[in-house]
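Read the structure below first, then the notes.
Nothing in this text is a laboratory measurement; each read-out follows from the coordinates by a stated rule. In this text, all values refer to a predicted model and were calculated from it rather than measured experimentally. We place every Cβ from the backbone using ideal geometry, glycine too, and count neighbours over all the protein chains shown.
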Amino acid sequence: MWVLAMGFENGKSASELLADGEQALAAGESEQAFEMLDRARQLGVEPDSVQRFAWCYARAARFVNRQPDVLAWIEEALESAVDPVQRGAFLTARIAVCRQIDVHRVLGIADEALASADALADEEAWAAIISHAAFAAYRMGKKRTAARYAEMAERRLLQSDSARYDALRARMFALTALGKSEESLSVSRQARDLAIAVHRRADAANESNNVAETLLELGHPEQARDEATVAAELAVESGHRQVELFARVLMAVATAEVGNLDPALEMLRKVDSHTVNPIFAMDAAAAEAFWLLERGAASDAERAREVAQRAIGESGDSGVSNRLTVLYSQVARSWARAGDRDSARAALENARRLLDRTEPQSELALALAFTEVFPVSDAQRRTALTNARNRILRGAALREDPRAYCVGVRLHRRLLELSGGVPTDMLG
C-alpha cells in the first residue's frame with residue numbers, strides 16, 4: 001500500500017521530508033514545501049503520519065496551484081483506504097481541494113466527510129468541512145443550504161481556535177449568500193482577527209481579501225484598497241501566491257473605482273492567469289475586460305474582447321462558469337463598439353442564456369451590455385435598464401450607506417445614470 005515507507009531520498013525519509021515540508025510551509029516557502037511533500041509522497045508516508053501529511057499536502061497544493069495533481073492522488077488513495085483515521089484524513093483533504101477547483105462536487109461529498117469527522121470526534125476536520133460546504137453552497141446560489149451549514153456550525157460548541165475560525169467562515173459565506181453584506185463583513189473581520197491571533201497568516205490574508213471584496217461591493221474602494229494591500233503583505237509573508245495575486249486584483253479594482261484607470265489596468269495586465277486558480281483567473285479577466293471598456297481608449301475594446309474570450313475558452317477546462325455572463329457581456333459591448341451588431345447580439349444572447357443569478361453583478365453587467373447593443377428606442381433595452389435600476393435601488397435600501405452603494409460602484413452608478421440619474425437623496 002502506498003502509505004508504507006519505501007525508502008530514502010538524499011538520506012532523508014518520508015517522515016523527515018514531511019517535517020521539513022511543514023516547517024517550510026510555516027515559514028512561507030510554499031514552493032519548497034510542496035516539492036518536499038511531493039517527494040515524501042513518492043517515497044511513501046508512514047501510516048501514523050497520513051493525517052498530518054494529507055492536510056499539509058492539500059494546503060501546500062492550494063498555495064502553489066497544484067490542486068488537480070493532489071486530487072488525483074487523494075482519489076487513488078481513497079480506493080484502498082480502510083483505516084478510519086486514514087480515510088477521514090483523505091475525505092477532509094479531498095473536500096478542501098475540490099472547494100478550490102470544483103465547487104459543484106463539494107456538496108455531493110460533504111456528508112460522507114462530515115460523518116467520518118464526527119465518528120472520529122475530529123472537530124477541526126468537521127468545522128473545515130462545514131466551511132467548505134457553506135462556501136460551495138454560496139457559490140452555487142443555494143442560500144438555504146449555506147444557511148443550514150452555518151446553523152450547524154453555530155449550534156456546536158467548538159473548543160479549538162482553528163475550528164472556531166472555520167465556523168466563522170461558514171457563517172460569513174451564508175450571510176454573503178443571503179445578501180447580508182454588512183453582517184458578512186463583520187464576521188469576516190472576526191475571522192481575520194482570529195486567524196492573526198493564532199498565527200495563521202495565510203488564512204488572515206485570505207480573510208483580508210474577503211473583507212476587501214465586500215467593501216468593494218458596498219462602494220468603499222479606498223477602504224478596500226487598504227485591506228487588499230494588507231492581504232497582499234500577509235500573503236507574501238506566508239508564501240501564499242494565490243491569495244497575493246487575488247489581493248492585487250482587488251487592489252487594481254479599488255484603484256479603478258476611485259478613477260485611476262491607467263495604473264489599475266496596468267496592475268490587472270500583470271496578473272498571470274496561468275498561475276492563478278480558476279476562480280481567481282475568471283474574476284481577474286472579468287475585471288480587466290470591464291475596466292478596459294470603461295476607459296475606452298484606442299484598441300481598448302479589442303483588448304477587452306481578447307481578454308474575455310480567452311477566459312471564456314478556458315472556463316470549460318476549469319469548470320468555472322460563474323463569470324460567463326459578465327464575460328460575454330463585455331464581449332457584446334466590445335463588438336458593439338466595433339460596429340459589428342450581429343456579433344454583439346450573438347454574444348449578448350450567450351450572456352443571457354448562461355445567466356448565473358448567484359453572481360450579484362451578472363444581471364447588471366447584462367443590462368449594461370443591452371444599453372450598448374440596442375438602440376435607445378428598443379423595448380428590451382428599456383426593460384433591462386428598468387430592472388437593473390430597481391435591483392440597485394432595492395439593494396441600496398438594505399445598505400447602511402446607500403449613497404456609497406449607488407455612487408461608489410462604477411457599474412451601479414453607470415446604470416443609474418443611464419436610467420434617469422442617481423436619486424438626489426443619494427447625492428447628499
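Odds and ends about this structure:
- Formal net charge of residues neighbouring PHE370 (Cβ-Cβ distance under 11 Å; K, R +1; D, E -1): +2
- Alpha-carbon centroids, the stretch 184-263 and the stretch 355-418: separation in whole Å: 26
- The aspartates and glutamates whose alpha-carbon is closer than 18 Å to the alpha-carbon of LYS12, local same-chain residues fewer than 8 away aside, are ASP20, GLU22, GLU35, ASP38, GLU46, ASP48.
- Here's the picture: charge each Lys and Arg Cβ at +1 and each Asp and Glu Cβ at -1 in the chain, and of ALA177, VAL85, ALA365 the one pushed furthest to the positive end of that dipole is ALA365.
- In this label model, ASP161 and ALA298 are separated by 5.7 nm, measuring between points 7 Å along each Cα→Cβ vector.
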